[in-house]
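Derivation of every value follows stated rules applied to the coordinates shown; laboratory data play no part. The structure displayed is predicted, hence computed values, not measured ones. Positions of Cβ are generated from backbone atoms using ideal geometry, with glycine treated the same way; all protein chains shown enter the neighbour counts.
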Amino acid sequence: MLFFNQVSESNIETLALTQECEPSWQYQLGHCIKDLKSLCEYAALDINKVAFSNDAHRDFQLRVPYAYASRIEKGNYQDPLLLQVLPLAIELEYQPGYSKDPLEEADANHITGLIHKYKNRVLLTLSGACAINCRYCFRRHFPYSENNIGADQWLAIVQYIKSDSSIEEVIFSGGDPLATSDKRLAKMIDELDTIEHLQRLRIHTRLPVVIPKRITQELCSMLKNSRLQCLVVIHANHANEFDYQVEAALAQLKQAQVTVFNQAVLLKDINDNVIAQKALHLASFKAGALPYYLFVLDKVQGAAHFNIPDEQAQKLMHELQCVLPGYLVPKLAREIPARPHKTLLAI
Ligand SMILES: *Cc1c(COP(=O)(O)O)cnc(C)c1O
Ligand code: SF4
């Protein structure tokens with residue numbers, strides 16, 4: 001027993017040490033993998049065997065943080081994490097029914113950076129940047145550059161929220177809202193704290209998964225100290241996206257009294273079977289995040305090859321219900337433009 005204790009203690013020390021030595025999240029955000037050669041070297045792939053398309057890469061750049069790339073299985077061309085980030089020629093094929101703005105968000109965008117489509121909740125597109133470029137993303141064509149929130153826009157947003165007392169919840173979204181500095185977030189949260197009718201602050205972010213070091217002490221303190229009830233919705237699609245660093249990041253959020261959920265997208269060849277789904281929701285729960293939505297694909301140009309037909313998705317959910325406790329079964333949903341809520345697919 002003593003022997004085991006010694007081993008585990010020294011493991012914890014090594015872990016603490018590697019975390020300390022790790023570059024800051026800002027560095028990791030800037031210095032990520034942006035070309036095929038680096039990706040192949042890192043994931044031990046033969047560059048000639050990878051189905052990479054330069055045109056697709058030009059359309060929507062390859063972008064993968066090292067922390068995420070380290071979880072790609074070396075030498076596996078079908079790795080579920082690799083397939084989420086690899087630009088493929090098939091993305092450029094025309095597919096009827098797939099559009100550049102499938103959610104028609106351009107219409108709901110009343111004031112810059114704010115989308116008020118659902119009652120009681122406003123969504124702010126805080127940052128156009130993402131740490132990782134997910135090939136299936138419905139925001140791949142979103143005009144973020146027209147949606148930058150500068151000081152004037154922020155004033156207008158605060159004014160909008162103040163003037164509508166039905167708004168209870170503010171959702172930080174993007175891009176990835178945590179690509180923003182803690183200093184900027186702190187200023188925003190301080191101001192939101194003073195709006196009496198607000199009750200909750202929700203952050204939709206993939207950063208705790210792709211660069212776990214983004215969960216800083218400062219961030220945790222500001223969420224803990226906010227008057228608002230805080231929620232973080234992470235985004236992971238496969239069990240392999242969770243490792244001890246992600247678990248440590250989510251544990252910090254929990255310590256700060258933040259409620260953590262995971263939302264995922266149902267993706268062909270990545271998580272479209274009951275084994276992968278079960279593993280995903282168990283891994284997510286183990287890390288401290290409850291399953292929230294499982295989205296069927298938004299019909300965005302370039303992502304058609306990830307699509308799973310509704311009937312197949314529904315069948316999968318039936319299977320999943322048989323192998324998971326009810327609290328680990330996510331809601332199968334889709335976003336339909338102009339509806340006042342997400343649309344649940346009956347199962
Ligand atoms: C998804 C979404 C929300 C949040 O919806 P929930 O069902 O509460 O998770 C809010 N506003 C917009 C514009 C959304 O797309
Ligand atoms: S918004 Fe989310 S899904 Fe889309 S590219 Fe960014 S991290 Fe990926």
Subject >> Scaled radius of gyration (Cα, divided by 2.2 N^0.38 Å) that the chain gives >> reply: 1.00
Original post:
Around A333, with a cut-off of 13 angstrom between Cβ atoms, what is the net charge of the other residues, counting Lys and Arg +1 and Asp and Glu -1?
Top reply: +1
**OP:** Please work out, to two decimal places, the log10 of the ratio I(q)/I(0) at q = 0.16, 0.18, 0.19, 0.23 Å⁻¹ from a Debye calculation in which every Cα of region 188-286 carries one identical scatterer.
**Re:** -0.69, -0.82, -0.88, -1.14
Original post:
With labels modelled as points extended 7 Å from the Cα through the Cβ direction, what inter-label distance (nm, one decimal) is found for K342 paired with D164?
Top reply: 2.0 nm
Subject >> Translational D in µm²/s for region 92-236 (Stokes-Einstein at 20 °C, 1.002 mPa s, Kirkwood Rh from C-alpha pairs) >> reply: 134 µm²/s
**OP:** Express the C-alpha Rg of region 19-60 as a ratio against the empirical globular expectation 2.2 N^0.38 Å, rounded to two decimals.
**Re:** 1.46
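Strictly greater than 14 Å: what percent of every Cα pair in region 9-92 meets that?
66 percent
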Subject >> Counted charge near R202, where neighbours are those whose Cβ lies closer than 11 Å (Asp, Glu -1; Lys, Arg +1) >> reply: 0
Subject >> Inter-probe distance in nm under a simple model that places probes 7 Å from Cα toward Cβ, at D272 and Q314 >> reply: 1.8 nm
Subject >> Inter-centroid distance (Cα atoms) of region 235-263 relative to region 166-197, Å >> reply: 20 Å
**OP:** Describe numerically, in nm with one decimal, the distance between label points set 7 Å from Cα along Cα→Cβ at S38 and at A129.
**Re:** 1.4 nm
Original post:
So who's got an amide H within less than 5 Å of the one on Q229, skipping anything under 5 residues away but keeping other chains? H placed 1.01 Å off N, in plane.
Top reply: R200, L201
**OP:** Show that you can apply the helix-only estimate: for the chain, add -39,500 (n - 2.57) for every DSSP H stretch of four or more residues, divide by all residues, and state [θ] at 222 nm to the nearest 500.
**Re:** -10500 deg cm²/dmol
